[in-house]
Structure formats: C-alpha cells, structure tokens
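Asker: One structure is given below, represented as structure tokens, and several questions about it will come after.
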Amino acid sequence: MTDETNGQDPGTPSQSKGLGRRWVFGKDVSSWPMQKVAHAAQRKAELESRISLWTAGFPIETESTLSEDRRKWETRLRVHVEPPSQEWSLILGDLLYSLRSALDACVWEFAHMDGATPRKPKLVQFPVVRDRADWGKALRERLQSVPREVAERIEMVQPFNRPPEQVAVDPLVLLSELNNMDKHCASISVSVDPHGIQQNVSVTFDSEEASERNAPPNITYHFPGLADQALVVEACFVDPAREVRGGVTVGMRVTAETPIGKEGIGVLGGGLVQNVRDVLNFIAVGPPSPEELAEMNSQNDGEWLPLDIQADDSGRTFTTGARQDDSRQTPQQPVIERGEMEQP
C-alpha cells in the first residue's frame, strides 16, 4: 500500500522535510533548466535593447499651444514613431516560455533520477497549485518518481503557502497564466503608457486683479493611451493670459497586460527570471542555512524579494517570495520631455 508520497510506504517516517541531499546543476543533474533561464535573461536584455533603440530615435515629444482667445492652454503628445509593440510582445512571449519550460525541465530531470521511470511521463511537469487541497493530486500526477525531498521542496514554493490575498501576485502564478495566455489565447499586450506628469509652467496676466481671479488655476490632467495629438494637460483661464512659459514633462512606461493589471516590462521580466532561478536553486539545494538566508536578503534590489523561507512549528519550511512593492501604485518619476524616455 502506498500513499501520495511518490510511492513510499505511508508508514515510513519522513526523514527529509525538504532537507537532505543537495544537487548541483551541470554536475549531479543536467544544466538544461538553468540554460533555459539564461536564455530567458538574454531575451529580457534583448527586449530592453530594442526598447532603448526605439527611444533613441526621439519618437515622442510634447507640444503646447495657447488658444486664439488666450483663455485655454493645452499640451498634447506628438508621436513621430509608433512603438513596435508586436515585436516586443513576441520577445516577451519567448522569455515566458523559456522560464516555464525551465521549471518543467527541472522536474523531468529529477523524475528520471537514478534510473527512475515515471508511470505516465506525459503528465510530468512542474505544478503550480493555488489551493492546498489540490496538492495531493498534483503530487501524484505531476511529480511521479521525483525524489521525496525534491517533491517536498517543490511543495514549499507553491502559491498556496502565501496568505490568500497574495496568491494572485505569486510569481509562479503570473508566469503560468501569462505563458498560457501567450500560447493558447493571443499575444500579450505590450504598450507604452503615460504614468506621470510634471510641469514647470508660469502664467502672466495683464493685471493683479486678473491674476487673482485665476487663482488657483483650473487645470485638468489626462493620462491617455499613446496616440498622436492625445491631450495631456488642459488649463482654462477666466481672463486672457498674456504669456505662458515653461513646459510639461510626461512620464512613459513600457508595460505588459497581466492578470493583475499592467506591469512594467523591466520589473516583470527581471522579477520572473530571478524568481525562477531562485526556485530551481531551492529545489536542488533545499532550505538555506541562516548564513545563506542572510546573504539572499542582503542582495534584494528593492523590487522583488528573494525567496522568503520561513519555518513553522513542525520544522517544515515554506516560501512566500512576496513582492516588496507595487510599481503600479507607486510609479517612477516621469522623465520624458522633448523625446527623452525612461529606460524600462
């Protein structure tokens, strides 16, 4: 009689709890999964290079005008070169596929460790499970013949270990959903979006009385899609303005549409590459020592936390890998003016 512990007798006491043997990619197990991650990192670099090449051509600027009656001042976008969004989307899709297949390749390698053979090889893959109740089935079907300590480590990095409100933003969930979207539905939408406005504008009127009547100024800010002549800032005056000086800075960000909203390409791609690399290393090596954990935390770049390993009362360890911030809620400072654009 066996249970759902990959063919082991249910009466056998657990000896690993995710600990035990450590493997080295390229030595004890194939380097192929890590090569897939390296390929994804190359595609991320290529995507950023393509974006930089586009921005170097000064494709966007702002243009301000004062109406004939001098009672309205507007700033609009001027788009001289449309972004090659479809091309960027293709590269992003390749990046996502490489990361997802790296996880599957890792499980495949361990499923055949020491001459083992999975009963149903077509079902073998890296599981991404949101609900703990579904883990037993995933363990039996997806992790056939995988060593017990490896299966336990894979359990530790599952999204269901997060607080419920964080499951949707788990990097493995995002990767799985985006990869499925790209493969089975349509291309992932990549766009250039205004996300911040700064102005350095002064308005003078013909008299002090007119200045007082126009204070505070009646200004409306718009965040349109990237389109030529899109209205960005509109200021209306009670009295005709004598002169308007200065200009407007519009922040631009290259984003991808995800199940949790638009995410900056740099944060999304870089975060997923790092997360998959960390997951693969954790599967092969297991929970880190206190010294190793301290080093991981010290290497955080302020965008994505490394795997956050926590121990519970039973001695099992679980990972959250939580986001440290949300770039959608705290946009970076805008830096585009007269065609100058922020790098992703």
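The values are calculated or read from the model by the stated rules, or taken from the named source; none is laboratory data. Quick caveat, the model's predicted, so the values are computed rather than measured. Cβ: placed from backbone, ideal geometry, glycine included. Neighbour counts: every protein chain shown. Please note that ligands, DNA and RNA were not included when accessible areas were found on the heavy atoms of the full protein model with its side chains. Shrake-Rupley method; radii C 1.70, N 1.55, O 1.52, S 1.80 Å.
Asker: Whole-Hz ³J(HN,Hα) for each residue in segment 144-161, computed from phi via Karplus 6.51 cos²θ - 1.76 cosθ + 1.60 with θ = phi - 60°, x for glycine and proline: what do you get?
Answerer: My calculation for segment 144-161 gives 4, 6, 6, x, 4, 5, 5, 4, 5, 5, 5, 4, 5, 9, 6, x, 5, 6 Hz in order.
Asker: With Rg and the Kirkwood Rh both taken from Cα atoms, where does Rg over Rh land for segment 119-243?
Answerer: 1.38
Asker: What are the equivalent ellipsoid semi-axes of segment 84-130, built from the alpha-carbon gyration tensor (square roots of five times its eigenvalues), in whole angstrom, biggest first?
Answerer: They are 30, 11, 8 Å, listed largest first.
Asker: Arrange the residues M181, M113 by how much accessible surface each exposes, largest first, with a 1.4 angstrom probe.
Answerer: Result, largest first: M181, M113.
Asker: In whole Hz and in residue order, list the ³J(HN,Hα) couplings for segment 208-220 that follow from phi through the Karplus curve 6.51 cos²θ - 1.76 cosθ + 1.60, θ = phi - 60°; x for Gly and Pro.
Answerer: Result, ordered by residue: 5, 4, 5, 4, 5, 5, 9, 10, x, x, 9, 10, 10 Hz.
Asker: What does the accessible area of H184 come to, in Å² to the nearest 10, when a probe of 1.4 Å is used?
Answerer: Accessible area of H184: about 130 Å².
Asker: Shifting gears a bit: Separation between the N281 and E212 pseudo-spin-labels, each 7 Å from Cα along Cα→Cβ, expressed in nm?
Answerer: Reported label-point gap for N281 and E212 is 6.7 nm.
Asker: Taking a point 7 angstrom from the Cα of Y221 along the C-beta vector, which residues in segment 60-97 have backbone N less than 12 Å away?
Answerer: Once the point is set 7 Å along Cα→Cβ of Y221, nothing inside segment 60-97 turns out to lie under 12 Å by backbone N.
Asker: How far apart, in nanometres, would the label points at R119 and N200 be if each is projected 7 angstrom from Cα along the Cα-to-Cβ direction?
Answerer: 7.1
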